[in-house]
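Below is one structure, written out as structure tokens; the observations come after it.
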Amino acid sequence: MLYNKYRPQILQELQGQPIVTKILESTIQQKRFHHSYLFSGPKGIGKTTSARLLAKAANCSALNPPCRNCESCQLIEKGEHNDIIEIDAASHRGVENIEKVISDAKFLPVFGKKKIYILDEAHQLSSTAFNALLKILEEPPKHIMFILCTTVPEKIPETVTSRCLHITFKRPNIMEICQYLEDICTRENIKFEKRALEVL
């Protein structure tokens, strides 16, 4: 599938998010990873993908991460890294789900440098789940990182938001999207009309 083939594997491939890219590149270069992040913005613009890229860099064994060649990078690209845990908060929104996270977070990473939890649609957690999450965000183990992704940041309690580095994703403009679609069509030898790409 083309969406998998062209899913960004390094930050430089992330489209239409120059500010986000700059912030995360600086974080990676300085190796100063925050213990918790909040990625917010419209659906389908790269929040979860960016979370995976940040996780890849945090666990990469190379001097200049992410290298894409080490075992950790390759496992993350395949979705098989034991220390990168993705949770769909829309279907795992209860306090029991977060309590399990807290229980598991006590253990050191199996393979990587950090155990990283990516909570997609984080705003759908219940109030009791947020209260439980707050406890570990207040005193997180050094080997733990949380990345909360949401389309509705105002539904995240302020007590949680204040303990995260909040990065806002913006919707790319039509010109940027069309240019990227043109590049993909050209690489795939697909004939296209520019007007058709604009409609798409």
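Laid out as a table, the results:
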read-out	value
Over the range 14-147, relative contact order from alpha-carbon pairs under 8 Å, at least 6 apart, %	27 percent
Centroid-to-centroid separation of the range 94-173 and the range 1-56 [C-alpha atoms, Å]	17 Å
Where only alpha carbons of the range 92-200 are counted, the Rg and the Dmax (Å)	19.8, 55
Estimated FRET transfer efficiency when R0 is 30 angstrom, pair ALA196-THR168 (beta carbons, to 0.05)	0.45
Per-selection metrics, the chain (Cα): Rg and Dmax in Å	17.7, 55
Cα-based shape type of the range 1-56, given that a ≥ b ≥ c are square roots of the gyration tensor eigenvalues and the cut on a/c is 1.5	prolate
If the convex hull is drawn through the Cα atoms of the range 97-138, its volume per residue in Å³	80 Å³
Probe 1.4 Å, accessible area per residue of the range 154-200, Å²	79 Å²
Neighbourhood charge, 13 Å Cβ-Cβ cut-off, centred on GLN9 and excluding it, Lys, Arg +1 and Asp, Glu -1	+4
Peptides ranked, highest mean first, by Cβ atoms within 10 Å: ranges 50-56, 111-117, 136-142	50-56, 111-117, 136-142
Test item: Cα-centred dipole of the range 1-52, Lys/Arg +1 and Asp/Glu -1 on Cβ, debye	120 debye
Surface share of carbon and sulfur [accessible, 1.4 angstrom probe, percent] for the range 54-182	52 percent
Per-selection metrics, the range 1-119 (Cα): Rg and Dmax in Å	14.4, 39
Separation in nanometres of the label points that stand 7 Å from Cα toward Cβ, at SER26 and LEU108	3.3 nm
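The values are calculated or read from the model by the stated rules, or taken from the named source; none is laboratory data. Being a predicted model, the structure only gives us computed values, none of them experimental. Every residue, glycine among them, receives a Cβ derived from its backbone with ideal geometry; neighbour counts consider all protein chains shown. Areas reflect the complete protein model, heavy atoms only, side chains present, ligands, DNA and RNA absent. Shrake-Rupley method; radii C 1.70, N 1.55, O 1.52, S 1.80 Å.
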